[in-house]
Amino acid sequence: MLIPMTAAVLAKRADVPLFTVRYYTRIGLLKPSRDLRNGYRIYGASDKDRLRFITAAKELGFTLAEIEEILDHAAHSQTPCPMVRDVVEKRIEENKQKIRELKRLQKRLESAAEIWKGMKDSIPDGHSVCRLIESFAGENAGA
């Protein structure tokens with residue numbers, strides 16, 4: 001049985017903000033029907049399922065464009081699974097690289113904080129903006 005819902009009801013039942021439902025509708029990820037009596041958008045149980053799928057995919061890091069492609073595959077009775085696996089494998093490698101970069105940044109920040117503990121504050125003088133950053137940049141120019 002079709003239980004028609006407004007955007008507000010769908011948002012509440014799917015536990016997402018109303019603007020999310022409206023945005024996904026505007027970009028075509030959700031495709032509600034229209035109530036012929038008043039022109040309101042009407043969402044059904046399949047829209048709720050679709051919205052939950054979109055939310056789950058976003059939680060895994062998929063972009064809306066990727067989600068749209070996945071949904072398009074499914075709409076054409078094609079399995080999106082190979083594409084999903086490829087995206088996830090690519091994301092894993094990207095995340096590993098970001099983690100390595102963040103670890104390097106963390107070490108630089110910790111090193112800077114340690115060096116700066118013994119330095120006095122200075123006032124910009126036209127040649128220097130912040131002696132802390134400038135001293136660290138000079139000491140670590142090759143790093």
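Here are the numbers:
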quantity: Single residue of F62, F53 found to be assigned to a helix (DSSP H, G or I), among the hydrophobic types (A, V, I, L, M, F, W, C), closer than 30 Å to L10 by Cα and in the same structural domain as Y23 (by TED's automatic domain parsing); calculated: F53
quantity: Only one of A74, A57 that is closer than 27 Å to N95 by Cβ and modelled with pLDDT under 95; calculated: A74
quantity: Counted residues, segment 13-29 - those being more than 18 Å from the chain's Cα centre (by Cα), touching a residue at least 24 places away in the same chain (Cβ under 8 Å) and on the phi < 0 side of the Ramachandran plot; calculated: 2
quantity: Top-ranked residue in segment 30-50 [being in contact (Cβ under 8 Å) with a residue 40 or more places away in the chain and either assigned to a helix (DSSP H, G or I) or among the hydroxyl-bearing types (S, T, Y) (or both); ranked as farthest from N95 (Cα to Cα)]; calculated: A45
quantity: Residue in segment 65-79 that is in a loop (DSSP other than H, G, I, E, B) and surrounded by 13 or more Cβ atoms within 10 Å (Cβ to Cβ) present; calculated: no
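The values are calculated or read from the model by the stated rules, or taken from the named source; none is laboratory data. Please read all numbers here as calculations on a predicted model, not as lab measurements. FYI the Cβ positions are ideal-geometry reconstructions off the backbone, even for glycines, and counts take in every protein chain you see.
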